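Q: Let me give you the structure first, and then I'll get to my questions.
Derivation of every value follows stated rules applied to the coordinates shown; laboratory data play no part. Because the structure is a prediction, the values reported are computed rather than measured. Quick reminder, even Gly has a Cβ in these numbers, built from the backbone with ideal geometry, and neighbours come from all protein chains shown.
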Amino acid sequence: MPELPEVENVRRSLLPHLRGQRIASVAVRRADIIDGPRTHRALLAGGTIARLDRRGKQLAIIAADGRVLVVHLGMTGQLNAGPVPPRANDPHVHVVWTTARGTTIAFRDPRRFGGLWPQASVAALAQRWEGLGPDALTIAPEALAAGLAGSRRAVKAALLDQAVLAGVGNIYADEACFIAGVRPARKASRLKREEVARLAEAIRTVLVRAVDAGGSTLRDYVNADGRAGQFASEHAVYGRGKQPCVRCGATLRQTTIAQRTTVYCARCQH
DNA sequence: CTGGATGCCTGGGAGC
DNA sequence: TGCTCCCAGGCATCCA
């Protein structure tokens, strides 16, 4: 999926299309993408959109009457907004909303790892999000330390655990470990206090930069207006296995941690 | 309880 | 070109 920076860019780009707008109609093309009640009411039909919230990689579309629709983009999910409806024969468009102003918002997800989760109330949303760790964009050192304490798994595995830290995926886990100078295979509970502090700062830094650059587009990701992100060209390690380290020139090592491809510099990261 | 492995899907690229 | 294989931003679920 898009990770936190990509979801945040979807949120920001979707906001002008939806805020204050009434959902005039909803068309469900593929119902099994919806987890929960599959009624138009659950999909916010007739509601006026008040806010778009984000926690980690999850996006919540919140109607003024309290209904909420949580959107998860999975690996290849998109929310495409615009004046023109998506092609009727696009097999990957699963739900289409039309606002009273005539804007269409399409949830498109070829791989279908994403989904929609209707929530009856903001309280239900809060309860759902209690299962997520603190949002990575503003992670504090103490909060990260608490999440890593007592965990024997690799620090990267812990960073990918949304209950520990919400928003980091494979790209930004590797990038943050590189910036912090921490090897991703280190046992989470063995990091020193200053290493955890560096890691927290690195996470915030890389995510803020990625948000500002519009996110990382590897192939599928675009924001609600169809714009690709520009941060992939700034990746120091992700996707650069066996290439020279941008900092020291050593050959970057590639391995597997938590079943995910992992790239790091053995000279810069300890 | 924790943490590792598996499966869910489609599509693109590499290699033959 | 065409075919097969491998890999990909995530995460729920099933095991040890």
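Q: Apply the a/c threshold of 1.5 to the C-alpha gyration tensor of segment A:1-77 and tell me whether it is rounded, prolate or oblate.
A: Oblate, because a/c is 1.5 or more while a/b does not exceed b/c.
Q: Something else about it: With labels modelled as points extended 7 Å from the Cα through the Cβ direction, what inter-label distance (nm, one decimal) is found for residue A:123 paired with residue A:22?
A: The two pseudo-label positions are separated by 2.8 nm.
Q: Find the relative contact order for segment A:132-268 and round it to a whole percent, using C-alpha pairs within less than 8 Å whose residues are 6+ positions apart.
A: So the answer I get is 24 percent.
Q: Same structure, new question: Go from 0 up to the bin containing the longest alpha carbon distance in chain A, width 10 Å each, and give me the % of pairs per bin.
A: 7, 29, 32, 20, 10, 2
Q: Going by Cα centres, segment A:200-270 and segment A:1-78 are how many Å apart?
A: When both Cα centres are located, 28 Å separates them.
Q: Hey, got a sec? Which chymotrypsin sites (Phe, Trp or Tyr not before Pro) in segment A:94-176 land in a DSSP loop and have at most 16 other Cβ atoms within 10 Å?
A: Answer in residue order: A:113.
Q: Quick one: if you stick a label point 7 Å off each Cα along the C-beta vector at residue A:219 and residue A:242, how many nm between them?
A: With each label point 7 Å from Cα toward Cβ, the separation is 1.9 nm.
Q: To continue, here is another question. Taking segment A:1-33, which trypsin sites (Lys or Arg not before Pro) meet the DSSP loop condition and have no more than 15 other C-beta atoms within 10 Å?
A: Here the trypsin sites (Lys or Arg not before Pro) that fit, given the DSSP loop and packing criteria, are A:19, A:30.
Q: Over segment A:133-173, what relative contact order in percent results from Cα pairs under 8 Å that are six or more residues apart?
A: Relative contact order here is 48 percent.
Q: Is segment A:40-129 rounded, prolate or oblate when judged by the Cα gyration tensor, a ≥ b ≥ c being the square roots of its eigenvalues, rounded requiring a/c under 1.5 and prolate requiring a/b larger than b/c?
A: It is oblate, given that a/c is not under 1.5 and a/b is not larger than b/c.
Q: Still on this structure, I have one more. Tell me the relative contact order for chain A as a rounded percent, counting alpha carbon contacts under 8 Å between residues six or more apart.
A: Here the relative contact order equals 19 percent.
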